[in-house]
Structure formats: structure tokens, C-alpha cells
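A quick write-up on the structure given underneath.
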Amino acid sequence: MDIKQLKDNIRNFSLDDGDLGSQGYTQVLLQLFGFTGHGKSSFINSCKYVLEDVENFIEYAEARETPEGCTMKRNAYPLTELITIVDNRGCSKLKHFERAEVYAQLGNFIPIGQEVVWRGNYQPVMEDLVNAESEPNFTDFIVPIFMYNARQQIKEKEMEEVKTFLNNCMEMTGVFPIIVLTFKTNADYMELEKQFRLMGAETVIAIENYTPGSHIKTLGRTTEILMVIDSALRNVRFRMEQPRDPRRERIERKKFLLNYIHQISLHHEREKIENEKREQDTKGEDKSWKCPIL
Ligand SMILES: Nc1nc2c(ncn2[C@@H]2O[C@H](COP(=O)(O)OP(=O)(O)O)[C@@H](O)[C@H]2O)c(=O)[nH]1
Ligand SMILES: [Mg+2]
């Protein structure tokens, strides 16, 4: 597909195209997630840049070169009337509680514009879930997009963790996350692409983001960025061929999240008890050692 076709597909996308109509959905939400500094904000700027027929590069989403990243809020940027892209709060690691927060963002339980707080426990997530009930959003068709910096290999021991994470995202949304490898020209991304495919990824697209320092529009870069949006829309069209119930799907997402939090809380509780037991055992050993002296 050439650039014009890709752009037309994206600009003319409609949720009513299928035989079953929109089924209650009103917009497509491209949910970006991934570690900080892996190019989420830059991807939003790149998408806006390739869709608008302008030569001046505008930084809509603030991109920063700090390891901690700077995205604190969930900000949404309209790409077309029907497609919105969301810059989710990235995290530096995929710790359990952080993952629950990511799932809450992914499931659309945290309002756009709200600051995301990472406090190291589940309290904020539970609060978000309760607060989300005042204005439940079930009309967004969510497509997860996982951004990953091609310069960072995934270690063997991390593979299982990332795989579980991606599968959970798929369970939540019904769409396997589209993998976008950024910094394409800075690394040999082929091996990484293979790793993601082995983890079940269906679509892996390597791109080079447009940035303030590098924004001469080229055919390859523009095409690949448009292909990411096009793949997301193809997933939506496919899912819309089957009967859907947006309210039900939101309830399922919520159940998934509550169950996840429950499981992880149990896991932490068990770890705590085991640690305490180990500590007591060590103390016990100390005592038996001291006994002969007394
Ligand atoms: N060379 C290059 N730099 C990039 C790319 N994507 C992002 N960057 C730079 O990496 C830094 C972090 O990117 P950012 O979009 O803020 O990452 P985020 O934390 O995931 O939102 C910024 O300085 C960007 O300009 C890319 O594909 N290629
Ligand atoms: Mg960012």
C-alpha cells in the first residue's frame, strides 16, 4: 500500500463499515504503553506529523531524554475525528503493582488528563476503579500498542514476564498488542523482532520516530509510521465483524483487573509470611548457638 492509500484508509475509517454497524462504539483509542524513554510521546508527534500535510514539525506530546521520562498524565491526542491516541504513563520496570496501574490505564479506568500516581501499592488502582464508575466509559474501542526501544535486547529471563504481560493485555482488550520497535536505525532490530514473534506477537513494526532534531519526511519512515495505525484499524475491523457488547466488555475488563489485583495481593501476602518465617528461623538458629554460652 502506498502512502496515499494508507492515509485515505486512516482518514476515512468508519466504525459503521461492517455489516453489524458500530455496535455502540464511538471511537478508536490507540493506547500506547511501554517503558519510559522508549518513544511513546515521540510516536504521537510522528503520527500527527505524517497525517498532517505540513512540513513543520510540531511537538504535541512532550518527549524527553531522561530515564524517568516525563509523562505523568494520560494525555489524549486526536488523530482524526474517530481515532484518538493516548500517551499513557510509562513505567521504568514492570513490577506487579505498576503492572496493575498499566492495566487500569489500558482498560480505560483512569480518566484522560488525570495524573497517574505510582505509590507502590494497590490503593490508587482501587480508587481509580471506584471513581471510574461515576462516568463509565465503554464506547472506546481499545487497541494496545506496545512501544519498545530496539536498542534494548530482552534478556532470556525477562521473556516469560513480558510474554505474560502481553497476553494479559490481549485478554483485557481482545487485541494482541501491536509491537512497535523504535530507534530502528540505531540497532539491529531483527533479533528483537524474532523474540517478540516467539512471544506470540502478530504484528511487529520497526520505525524511526520523527523528532525535533530529525524530521525530514522520507518515504520509508512515513510509510512505517502509517502502517502502525493501519494495523490497529485492521484489528478493529476484524473484531467488529463479530457481535460485540461494549458494556459487557468493560465489565470483563474490570473483572480481569480485580482478579489480577487479588492474585498479586495473595502473592505478596505469601511472600511476607515466608520472609517473616525465614527471619524467625534465623533468630532461632542464633539462640541455639548462644545457648551453650549461657
Ligand atoms: N533517534 C531516535 N530517537 C528517538 C526515537 N524515539 C524517541 N526518541 C528520543 O528518545 C527520547 C525519549 O522519547 P520519548 O518519546 O519522550 O519517550 P517516552 O518516555 O516513551 O514518551 C527523546 O529524546 C526522543 O527524541 C527514535 O525512534 N529514534
Ligand atoms: Mg512520554
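Probe radius 1.4 Å, ligands and nucleic acids left out: which of ARG247, ARG237, ARG197, ARG221 has the largest accessible area, and how do the rest follow?
Working: ARG247 150, ARG237 85, ARG197 105, ARG221 40 Å².
Result of the area sort, largest leading: ARG247, ARG197, ARG237, ARG221.
How much length, in nm to one decimal, is gained on full extension between MET159 and ASP2, taken as 0.36 nm per residue of separation minus their Cα-Cα distance?
Details: separation 157, 0.36 × 157 = 56.52 nm, distance 3.48 nm.
So the extension gain works out to 53.0 nm.
What spacing in nm lies between the two simple spin-label points modelled at LYS283 and ASN12, each 7 Å away from Cα in the Cβ direction?
7.4
As a check on your grasp of the helix formula, calculate [θ] at 222 nm for the chain: sum -39500 (n - 2.57) over DSSP H runs of n ≥ 4, divide by the residue count, round to the nearest 500. If you can, show how the numbers build up before the last one.
Numbers: 8 runs with 135 residues, N = 294.
Calculated mean residue ellipticity at 222 nm is -15500 deg cm²/dmol.
Specify whether the C-alpha gyration tensor of segment 146-294 places it in the rounded, prolate or oblate class, a ≥ b ≥ c being the square roots of the eigenvalues: rounded for a/c under 1.5, otherwise prolate if a/b is larger than b/c and oblate if not. All intermediate terms of the calculation are to be shown ahead of the outcome.
Details: a/c = 3.87, a/b = 1.79, b/c = 2.16.
Judged from the Cα gyration tensor, segment 146-294 comes out oblate (a/c at least 1.5, b/c at or above a/b).
Can you check what the net charge comes to around THR182, using other residues whose Cβ is under 11 Å from the Cβ of THR182 (Lys, Arg +1; Asp, Glu -1)?
Computed value for this residue: +1.
For segment 3-284, give the share of DSSP beta bridges that are antiparallel, in percent and rounded to the nearest 5; count only bridges with both residues there.
Once the DSSP bridges in segment 3-284 are tallied, antiparallel ones form about 20 percent.
Lys/Arg Cβ at +1, Asp/Glu Cβ at -1, dipole of the chain taken about the Cα centre: which of SER42, VAL162, MET227 is farthest positive-ward?
Projecting each Cα onto the dipole axis, the largest value belongs to VAL162.
Please find the FRET efficiency linking GLU55 to GLN27, where r is the Cβ-Cβ separation and R0 is fixed at 25 Å, and quote it to the nearest 0.05.
Given R0 = 25 Å and the Cβ-Cβ separation, E is 0.30.
Set the Förster distance to 45 Å, then compute FRET efficiency between MET126 and LEU219 from the Cβ-Cβ distance, nearest 0.05.
Numbers: r = 48 Å, r/R0 = 1.07.
So, using R0 = 45 Å, E works out to roughly 0.40.
Starting at 0 and stepping by 5 Å, how many percent of the alpha carbon pairs of the chain end up in each bin?
1, 5, 11, 15, 17, 16, 12, 8, 4, 3, 2, 2, 1, 1, 1, 0, 0, 0
Once you place label points 7 Å from the Cα toward the Cβ at THR211 and LYS255, how far apart are they in nm?
Label at THR211, label at LYS255, 4.4 nm between them.
So who's got an amide H within less than 5 Å of the one on PHE109, skipping anything under 5 residues away but keeping other chains? H placed 1.01 Å off N, in plane.
Those lying under 5 Å, H to H, from PHE109: there are none.
Which value, in debye to the nearest 20, gives the size of the charge dipole of segment 3-284 about its Cα centre, when Lys and Arg are +1 and Asp and Glu are -1 at the Cβ? Before the final figure, lay out each step's value.
On the way: 37 positive and 43 negative charges, 66 e Å.
Rounded to the nearest 20 debye, it is 320 debye.
With label points built 7 Å along Cα→Cβ from the Cα atoms of THR185 and LYS272, find their separation and express it in nm.
5.2
Work out, step by step, the length gained on full extension between LYS73 and GLU171: first 0.36 nm times the residue separation, then minus their alpha carbon distance; give nm to one decimal.
Roughly 32.8 nm would be gained on extension.
Find the relative contact order for the chain and round it to a whole percent, using C-alpha pairs within less than 8 Å whose residues are 6+ positions apart.
23
The values are calculated or read from the model by the stated rules, or taken from the named source; none is laboratory data. No experiment lies behind these values; they were computed from the predicted model shown. Glycine also receives a Cβ, built like all others from the backbone with ideal geometry; neighbour counts cover every protein chain displayed. Heads up: the accessible areas ignore ligands, DNA and RNA and are worked out on the full protein's heavy atoms, side chains in. Shrake-Rupley method; radii C 1.70, N 1.55, O 1.52, S 1.80 Å.
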